[in-house]
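Notes for the one structure printed next.
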Amino acid sequence: MKNKKILFYSGLFSIVLLIGTSYFLDNFDKTETAIANEVPAPVSKEFIDTKKQMDQQLQAQKKQAEMTNTVVLPSVIPAPTVAENLEATTKDEITTKMLNSVDYFKSAKGNLTYYSESHEELRYSLDFAMTNDDYTLSYEKSIANSNVGVGVFDGTKLVRYDFVNGNLNKKDSYLTNDTNIDSSTYKGTTISDRITYGSDGIPMANYRFDSTYLGSAKQALLPENLTIGLLENFSNWDIISTENFLGLSVLKITGILPPHYAEKYSAENFTMKVDSKTGVLVQFQALKNEKIMENMEVHELLYNSELDSHVFTDTEEDILNELKN
């Protein structure tokens, strides 16, 4: 991923396709081994004809998938198996988890809202679902006033739709065919690793590549921007308590906004609530004289559960019908 000179508040997203298809024919292990060793196996003509037919069908399916960039998913994506995470308790631990939160869960679904006192266009509700286990997928549906937007990454392409005045408009479609991006870059790194300085002394923030192409949900599920922008200077903030939020053990953080963010939010201070086990940001508030000027809050959050795959594979007609209802 490229570095961009910024003041801790912008990121650069790329498009990538990392896809591989393998087929295993367990019933033909003996035949395959014999072929590899150039030793004929005593198999019947019917056996060979059946294997040939199956091979032809698999090749035809693979070719069709490559031509249409189609991903075939089961109707239900099973819940992944994950290890129990330890709770972060220190500034170093929690900032490192926030920068690498997606390493502590394999799927998530839920809902969040964003409210801006000064920017009416930044008031919306967002449903989201994502997985980065056996499949790499994401789905977002945002509602802002009467406008509805849908973003879907189905493993091969990212498509965004707007629903305006009863019409569904495809905003953009990206084929993710750039395989030169290393998704492990900056994995596990600390906040000091993410900030470098150019020869001119201007700081550069380094972001992880998000293989699920999250949109607005990224501010909660992988909160790199606010972590780097607000928490880089440990003297400007403190962990003041541990609380229960959505059934999660969260750390409550309070601090002073840096000048850029103070101007951006028309505020002075901020609070955060962060899942101590994953680093997911479940609430962010910018305040001025105790008045909330900006508020991002997660209302529902479920990690590592089964996911209904239809939201990742719906056609334009499916999406239009859903948004009309």
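Past 32 Å, Cα to Cα: identify those pairs from Lys187/Lys291; Lys187/Lys264; Lys106/Lys171; Lys277/Lys324; Lys288/Lys324; Lys264/Lys324, in the order given.
From Lys187/Lys291; Lys187/Lys264; Lys106/Lys171; Lys277/Lys324; Lys288/Lys324; Lys264/Lys324, over 32 Å: Lys187/Lys291; Lys277/Lys324; Lys288/Lys324; Lys264/Lys324.
What are the residues whose amide H is under 5 Å from the amide H of Leu257, where those residues sit 5 or more places off or on another chain and H is modelled from the backbone?
Asn269, Phe270
Grab the Cα-Cα distance for Asn165 and Asn85, subtract it from 0.36 nm times how many residues apart they are, and report the gain in nm with one decimal.
24.2 nm
Which order do the peptides 183-193, 123-133 take when ranked by the mean count of other beta-carbon atoms within 10 Å per residue, highest first?
Put in order of decreasing packing, that is 123-133, 183-193.
Counting other beta carbons within 10 Å of each Cβ, put Ile256, Ile228, Ile239 in order, fewest first.
Taking fewest neighbouring Cβ atoms as first place, the list is Ile256, Ile239, Ile228.
Over all distinct alpha-carbon pairs, what is the Kirkwood Rh of the stretch 196-290 in angstrom?
14.6 Å
Here, each number is a calculation from the coordinates, and none is a lab measurement. Source: prediction; values computed, not measured. Reconstructed Cβ throughout: ideal geometry from the backbone, glycine too, with neighbour counts over all protein chains shown.
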